[in-house]
1. Within region B:86-113, work out how many residues are more than 7 Å from chain A (Cβ to nearest Cβ), more than 24 Å from A:Leu7 (Cβ to Cβ) and crowded, with 16+ Cβ neighbours inside 10 Å.
2. Return a yes/no flag: does region B:214-226 have any residue that is out of contact with any helix residue (DSSP H, G or I) (no Cβ under 9 Å at 6 or more places or on another chain), more than 7 Å from every other protein chain (Cβ to nearest Cβ) and more than 27 Å from A:Ser93 (Cα to Cα).
3. Find the residue count for region B:190-213, including only residues that are modelled with pLDDT under 90, surrounded by fewer than 17 Cβ atoms within 10 Å (Cβ to Cβ) and not hydroxyl-bearing (Ser, Thr, Tyr).
4. Check B:Ala149, B:Ala80, B:Ala57, B:Ala50 and return the single one that is under 13 Å from the mean Cα position of the chain (by Cα) and not polar (S, T, N, Q).
5. So in region B:61-72, with the set limited to residues that are out of contact with any Ser or Thr (no Cβ under 8 Å at 6 or more places or on another chain) and of a type in the set (A, V, I, L, M, F, W, C), which one is surrounded by the fewest Cβ atoms within 10 Å (Cβ to Cβ)?
6. Considering A:Gly97, A:Gly5, A:Gly48, which residue is in a helix (DSSP H, G or I), within 30 Å of B:Leu83 (Cα to Cα) and modelled with pLDDT of 90 or more?
7. Those residues that are touching a helix residue (DSSP H, G or I) at 6+ places or on another chain (Cβ under 7 Å), more than 7 Å from chain B (Cβ to nearest Cβ) and assigned to a helix (DSSP H, G or I), I need them from region A:63-83; list them, please.
8. Of all residues in region B:22-51, which are crowded, with 19+ Cβ neighbours inside 10 Å, among the aliphatic types (A, V, I, L, M) and at the interface with chain A (Cβ under 7 Å from one of its Cβ atoms)?
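The values are calculated or read from the model by the stated rules, or taken from the named source; none is laboratory data. These figures come from a predicted structure and were not determined experimentally. Note that each Cβ is placed from the backbone with ideal geometry, even for glycine, and that neighbours are counted across all protein chains shown.
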Amino acid sequence: MPDLGYLLAAVALGSVVTIALRALPFAILKPLRRSKFVAALGRWMPAGILLILAVVILRDEFVARTGHWWAVIAATAVTVVVHLVGRRRAVLSVAAGTTCYIVLINLV
Amino acid sequence: MPHPPEHAPVPHAPRPSRRAEVAAGLGDSLGVGIGILPLGVALGVLVVQAGLPWWLAPALSIGIFAGSVELLLVSMIAAATPLVTIAITVFAVNFRHVFYAFSFPISRVTRGLPRAYSVYAMIDEAYATYVLMDRERLSSARMVSGQLAMQTYWVVGGLLGVALATALPEPIEGFEFALVALFVVMTLDAVRSRRELPSALLAAAAAAVAIVAAPGNALLVALLIFTALLAGRYAVTRARPAREDSDDA
């Protein structure tokens with residue numbers, strides 16, 4: 001097992017890098033608050049960023065479970081259908097999709 | 001018969017109470033909580049299976065608090081990866097947060113400690129939850145309590161995972177799909193209106209190119225391409241401002 005100093009240093013280093021990446025852009029953008037370009041990016045980015053996150057995470061799951069690729073598709077379909085039919089309640093849709101996935105992965 | 005009395009100056013509360021705001025924040029966190037908790041459990045299980053001390057799970061969720069990197073770091077730490085490599089990996093994986101500053105409603109959070117916490121705790125799920133919400137409905141108390149709740153799910157999930165892995169030899173697989181389902185659902189909510197369609201199409205194109213061209217670093221490359229495409233879109237809309245003015249909300 002790695003020694004205590006290494007463990008603490010790894011966590012501290014990760015912490016500093018993460019906080020800097022979250023905080024510095026706000027400080028840099030602050031003088032640009034009136035910039036129309038920054039405002040446009042702020043308006044256009046959210047939907048696209050979420051889509052990219054969803055696609056990349058979905059791809060990662062495909063890669064991690066090549067033998068169960070069809071389960072990824074089935075569970076994603078269940079999630080989407082439940083979400084659109086069930087009046088967009090995230091808890092319900094995520095629970096339905098995840099339950100479906102766990103059942104398919106472990107029992108089929 | 002007397003006139004109906006004029007409406008007494010009812011203490012018409014324009015702002016909900018602080019308690020109501022905190023309750024709203026906890027409510028916001030439930031939707032993503034169902035995605036976060038299983039990941040926390042996975043983190044705790046991983047820590048135990050890698051032969052690392054149990055406290056590393058809460059230490060990662062408090063020190064770093066960035067889902068995917070926490071899971072990645074467990075295996076890197078277990079393999080005694082050099083600290084420089086760890087720092088570079090965290091930088092590469094978390095660089096996406098740079099793009100969140102453009103749209104995360106940080107201005108709604110009170111300056112000082114609450115704002116500092118909100119920036120520190122700006123995980124993907126918090127970004128997704130609050131960037132889509134009507135800014136008028138957002139308050140400092142709501143956002144901070146929502147983010148605090150999300151972090152609590154991570155920490156509690158990690159401890160549950162530690163307990164589970166210590167008790168059960170073979171845990172059930174597939175819980176990680178909660179994260180996939182969560183982002184699929186949040187994307188569906190984000191791309192509801194027609195106005196979001198151009199951005200969604202550009203993002204889809206960026207993701208497709210990135211997955212094919214840079215499969216090892218798809219997330220970052222996709223975000224860079226997407227940003228470049230939006231800059232192009234901005235240049236095009238600037239060139240004919242009259243047509244696109246109605247697009248501005």
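1. 6
2. Yes, that holds for at least one residue.
3. To start, the set of residues in region B:190-213 that are modelled with pLDDT under 90 comprises B:190-196.
With surrounded by fewer than 17 Cβ atoms within 10 Å (Cβ to Cβ) added as a condition, the list becomes B:192-195.
When the remaining residues are screened for being not hydroxyl-bearing (Ser, Thr, Tyr), the result is B:192, B:194-195.
Qualifying residue count, region B:190-213: 3.
4. On the way: B:Ala80 fails: under 13 Å from the mean Cα position of the chain (by Cα); B:Ala57 fails: under 13 Å from the mean Cα position of the chain (by Cα); B:Ala50 fails: under 13 Å from the mean Cα position of the chain (by Cα).
Exactly one of B:Ala149, B:Ala80, B:Ala57, B:Ala50 is under 13 Å from the mean Cα position of the chain (by Cα) and not polar (S, T, N, Q), namely B:Ala149.
5. Of region B:61-72, the ones out of contact with any Ser or Thr (no Cβ under 8 Å at 6 or more places or on another chain) are B:61-62, B:67-68, B:71.
Those still in the list that are of a type in the set (A, V, I, L, M, F, W, C) too: B:62, B:71.
Values: B:Ile62: 14, B:Leu71: 16.
Per the stated criteria, the residue is B:Ile62.
6. A:Gly5
7. A:His68, A:Trp69, A:Ala71, A:Val72, A:Ala74, A:Val78, A:Val82
8. B:Ile34
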